[in-house]
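The values are calculated or read from the model by the stated rules, or taken from the named source; none is laboratory data. Predicted model, so just to flag it, every value in this text is computed and none were measured. Cβ: placed from backbone, ideal geometry, glycine included. Neighbour counts: every protein chain shown. The area values use the complete protein model at the heavy-atom level, side chains included, leaving out ligands, DNA and RNA. Shrake-Rupley method; radii C 1.70, N 1.55, O 1.52, S 1.80 Å.
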Amino acid sequence: MKPILKWAGIVAASLAGLLVLAIAYAFIVSQRILDRSYLKRSSAVHELVTADAVARGAHLTVVATCTDCHGRDLTGTQLPVPGSTVYAPNLTIMTKSLSDADIDLAIRQGLRSDGKNLLFMPSHGYASFTDDEVASIIGYLRSLSPQGTASPEPHLGLGVRVALVAGIVRTEAAEFADTLPPLDLGVRYENGRHLAQVVCGQCHGMNLSGEPKRPVRPTPDLLIVAGYDRGAFRTLMRTGRAPEGRQTVSMLRIAGNLSTFTDDETDAIYDYLVARWKALTAKQNAPGDR
């Protein structure tokens, strides 16, 4: 029995040692990923502080679901990251100490002022914001009086670090590398395309073809919109309810944000998505593509 116990102890010690090495590897490699700096694009954005611009910025923070992470009052909330302590920043405080270029960098590139990644900031969804839209957002954020306290720095647990090394949690640099824009259908549909990319792309992918392999709440290709008439689509956007009263969990979650769209904005998205369906269907049925 003693030799068996001896070998069992050796195996257990070896496994424990391998586990320690694996944990150390995850921490070292994940930290290298987090510490990596990226090239910062120059920014010519300057805040817009007119009443119309500030109102537009306020509207954009809602429809682009900034309030989902940063809170309705934008003072920051704790994000549901298992085993970690991660807060979305308090924007009423943070934006007072950042330059216009730094805020633009965070919004459209997902980078801090030192060029490092802002983990969990979905900038690949905001990269198509125009200069004026970003300037309006900055103007709105700067118009807010500081409230609450500054959000603490994130503390990432082992699970997130392993997921980061494995590519399950992705940096914005990785997201940008794989991002494809939605189909360009010309000037007539450009506004709807832009709104769909900024808003719908967060869940349905930047090219709107869906993310069926997402581990949580997989999403379909927005070709499904062809099955909605205009009224049903408006209802979906405002209430999160699909035809015949069916509820969609993801849409119910953000219906409060999307309900602030004007009819013109909602119709522009609908018209683009229907035109996209027609264009892709025609291409699929073209003789040369069979």
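One decimal place: the segment residue 191-residue 52 gains 48.2 nm when fully extended, by the rule 0.36 nm per residue minus the C-alpha distance.
Report note on the peptides 103-114, 258-269, 175-186, 63-74: ranked by the mean count of other C-beta atoms within 10 Å, highest first, their order is 103-114, 63-74, 258-269, 175-186. With a cut-off of 13 Å between beta carbons, the residues surrounding residue 96 carry a summed charge of -2, where Lys and Arg count +1 and Asp and Glu -1.
From helices alone, the chain scores -15000 deg cm²/dmol at 222 nm; the rule is -39500 (n - 2.57) for each run of n ≥ 4 DSSP H residues, then divide by the residue total. So if each residue of separation counts as 0.36 nm, and I subtract the Cα-Cα distance between residue 99 and residue 252, what length gain in nm does that give? Net length gain for the segment: 51.5 nm.
Report, in degrees rounded to the nearest 10, the 0 to 90 angle that the Cα long axis of helix 230-239 makes with the longest principal axis of the chain. That helix lies at roughly 50 degrees to the long axis. Relative to the Cα centre, the charge distribution of the chain, modelled as +1 at Lys and Arg Cβ and -1 at Asp and Glu Cβ, gives a dipole magnitude of about 1260 debye. Think of the chain as having a plus end and a minus end, set by charges on the Cβ of Lys, Arg, Asp and Glu; of 81, 65, 140, 81 sits farthest toward the positive end of this dipole. Exceedance of the 29 Å cut-off in Cα-Cα distance is limited, within the set 40/96; 213/283; 40/278; 213/278, to 40/278. Once backbone amide H atoms are built at 1.01 Å from N, residue 211 has 219 as its partners under 5 Å, excluding neighbours fewer than 5 places away on the same chain. Among the listed values [x] 1.20; [y] 1.11; [z] 1.40, the one computed from these coordinates for Cα Rg over 2.2 N^0.38 Å is [x].
Annotation: residue 211 carries an accessible surface of approximately 70 Å², with a 1.4 Å probe and no ligand, DNA or RNA atoms counted. Across the range 147-192, the convex hull enclosing all Cα atoms gives 162 Å³ per residue. The angle between the Cα long axis of helix 263-285 and the longest principal axis of the Cα atoms of the chain comes to about 80 degrees, rounded to the nearest 10.
Heavy-atom accessible area for residue 20, with the other protein chains in place and a 1.4 Å probe, reaches approximately 90 Å². Subtracting the Cα-Cα distance of residue 262 and residue 213 from their residue separation scaled by 0.36 nm leaves 14.4 nm. Dipole magnitude for the range 42-151: computed about the Cα centre from +1 point charges on Lys and Arg Cβ and -1 point charges on Asp and Glu Cβ, it is near 300 debye. If R0 is taken as 45 Å, the Cβ-Cβ distance between residue 180 and residue 149 corresponds to a FRET efficiency of 0.70. Amide H contacts under 5 Å for residue 84: 157, restricted to partners 5 or more places along the chain or on a different chain, H placed in the peptide plane at 1.01 Å from N. Between residue 285 and residue 31, the modelled labels are 5.9 nm apart [label points 7 Å from Cα along Cα→Cβ]. Identify all aspartates and glutamates with a Cα-Cα distance to residue 116 below 15 Å; exclude those on the same chain that are fewer than 8 residues away in sequence. Hits, sequence-local ones excluded: 35, 102, 104, 153, 172, 175.
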